[in-house]
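Any read-out appearing in this document is the output of simple, stated calculations on the displayed coordinates, not a laboratory observation. Predicted, not measured: the structure shown is a model, and the values here were computed from it. Cβ placement follows ideal geometry from the backbone for every residue including glycine, while neighbour counts extend to all protein chains displayed.
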Amino acid sequence: MGNKALIIVVSVLIVSLFANVYFIANQQQSIDLYELKNRIDELERANTYLKEELYRTNLSLQQARTQLQVYRSEIADLKAQVNRTAVKGKTGSATLEAPAVMRKVVYRGNYPFYNGEVIENGTMIQVSVDIKPGYGRVLVVTKPLMGVVFQDAANTAVVVAENYTGIDLSGSDVIFSVRAPSKIPEVDGPSAGALMTSLIIAALQNISLPQDITMTGTIDARGHVGEIGGVIEKAKAAKAANKRIFILPRENKRLIEYKEEKERIGVITIIRQTPVIIDAKQYIEKNIGIHVEYVDTIEDVMKIIRTNA
């Protein structure tokens, strides 16, 4: 009887011990889940705040651009009034194809679990400029629609072209025409800034633009040609359009290529994608087959154009 009682007591103690361990584990799990939920709530609140800040920033930027355009229009009107009798409106025209990136979202999966993937393809758009006697206006006509950033790049292109040539355009209207394939829903972005500047200079100085040359790059008021995105897609589009020279900002000279490395540990194979920095000119000329020229300024661009005209 004593042995049975001892066994019962030991059994009760073991059950009690396991019960306590289970209780403590569940309690700890509940605490962890509670802390995790609080953290998620904090991140969601922070995300909401950041979205609101981004919206306000974009709104302020849009207002600043609109106000800047108003100021530029007023300055152009004043310059036109001062120079209307003294300045004869300049005339000229030029056309060149520019590479662009077309983005579309492809959705895969079954309802309600969809996965969106952004696919980028290069294409060419035709950009033309016509300079006619007028009132110092900068006009952009696009098919399809035009974005605000594109208009801003056009205004900057006019300022840089005036500085480069020393020609006052306050007595002229500069009219850009942009024609893109119908599959592109909207034309926007600053990456055609350098090309638009080159078009104005060519039109004013009666330079014949080689149609086997194309370029991409932003432009700022100092004439600096800046970095753009979609380098490989644009290079492929230029090659497909039979362009011979692809003018690229020097700031885009570094490309990142991912090389696959495999490491076997026992029966498991680990695959890593290691980033490697390569030269854009070397990569494009070897793998796409189009000659690349790096530029830093609009002076560099015009030098290449004059050499190949």
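The figures follow:
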read-out	value
Formal net charge of residues neighbouring N308 (Cβ-Cβ distance under 12 Å; K, R +1; D, E -1)	+2
Sequence ranges 211-220, 240-249, ranked by mean other-Cβ count within 10 angstrom, highest first	211-220, 240-249
Farthest positive-ward along the stretch 192-309 dipole, Cα basis, beta-carbon charges - from V292, G226, G193	V292
Amide H contacts under 5 Å for A94, placed H, 5+ residues apart	V129
Set K90/K303; K51/K281; K253/K303; K90/K243; K51/K143; K90/K234 screened for pairs whose C-alpha atoms are more than 28 Å apart	K51/K281; K90/K243; K51/K143; K90/K234
Charge tally in the Cβ shell below 10 Å around G193, where Lys, Arg are +1 and Asp, Glu are -1, G193 excluded	-2
